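Visitor: Before I ask anything, let me first share the structure, which is written out below as structure tokens.
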Amino acid sequence: MNRLQCLSLVAFVASAPVALHAAEVASTNLSVTATVLDSCVVTAPTGLVFASVNAGAATNQSVQGSVAVVCTAAKSSVSVKMEGGDNAAMGKRYMKNTSNDLLPYVITSDAAHTSAVAIDGALYTGPLNAVSPNVFPVYGQVPAGSYAAGVYTDTVRVTLNY
């Protein structure tokens, strides 16, 4: 093959359409869904811990705790209720020690202890904000008196109605 033929062949091959194979592509859609339930969570991040109660104290002994509520949606009207506790008797709350001695206490919604929360009474009624914690202070008070030595406990259930 001479030089002219070779160049002609190269020119012909270079000008011929070249079939390029493109990569094949397949696709689909991924469905993404979520359901956020209309719900609330009630916690008591800070309990009422009296520590050491002076049995002969001439005055009432008080502590502060809190109840917190978080809801996924705002609520226009709720009630946060507190039942009597495991040792309630005759309309009063009591802590009990291992000897079954009782230590009376009162739960209030204010630091001045003027608004007692009755057994099965409301700590709070009204609207709630969404997502951020709604924190309600609670106060406990042991009245002055003479009490048997021991470690006293009680559990008060807190209920949110919404």
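Each value in this text was obtained by applying a stated rule to the coordinates, not by laboratory testing. Here the structure is a predicted model, which means the values were calculated and not measured. So basically every Cβ, Gly included, is an ideal-geometry build from the backbone, and we count neighbours across all protein chains shown.
Visitor: Identify, from the list 130, 149, 122, the residue that is under 21 Å from the mean Cα position of the chain (by Cα) and not in a strand (DSSP E or B).
Guide: Answer to the selection: 130.
Visitor: Condition first: surrounded by fewer than 17 Cβ atoms within 10 Å (Cβ to Cβ) and under 27 Å from the mean Cα position of the chain (by Cα). Now tell me which residues in region 69-105 satisfy that.
Guide: 72, 73, 74, 76, 77, 79, 83, 86, 88
Visitor: If you don't mind, another one. How many residues does region 124-155 hold that are in contact with a Lys or Arg (Cβ under 7 Å, 6 or more places away or on another chain) and surrounded by 15 or more Cβ atoms within 10 Å (Cβ to Cβ)?
Guide: Qualifying residue count for the region: 3.
Visitor: Related question: I need the full set of residues from region 106-119 which are closer than 16 Å to residue 143 by Cβ, of a type in the set (Ser, Thr, Tyr) and surrounded by 17 or more Cβ atoms within 10 Å (Cβ to Cβ), in order please.
Guide: 108
Visitor: So if I check each of 89, 68, 51, which one is touching a residue at least 24 places away in the same chain (Cβ under 8 Å) and under 28 Å from residue 114 (Cβ atoms)?
Guide: The conditions single out 68.
Visitor: How many of the residues in region 23-54 are surrounded by 13 or more Cβ atoms within 10 Å (Cβ to Cβ) and more than 22 Å from the chain's Cα centre (by Cα)?
Guide: Result for region 23-54: 2.
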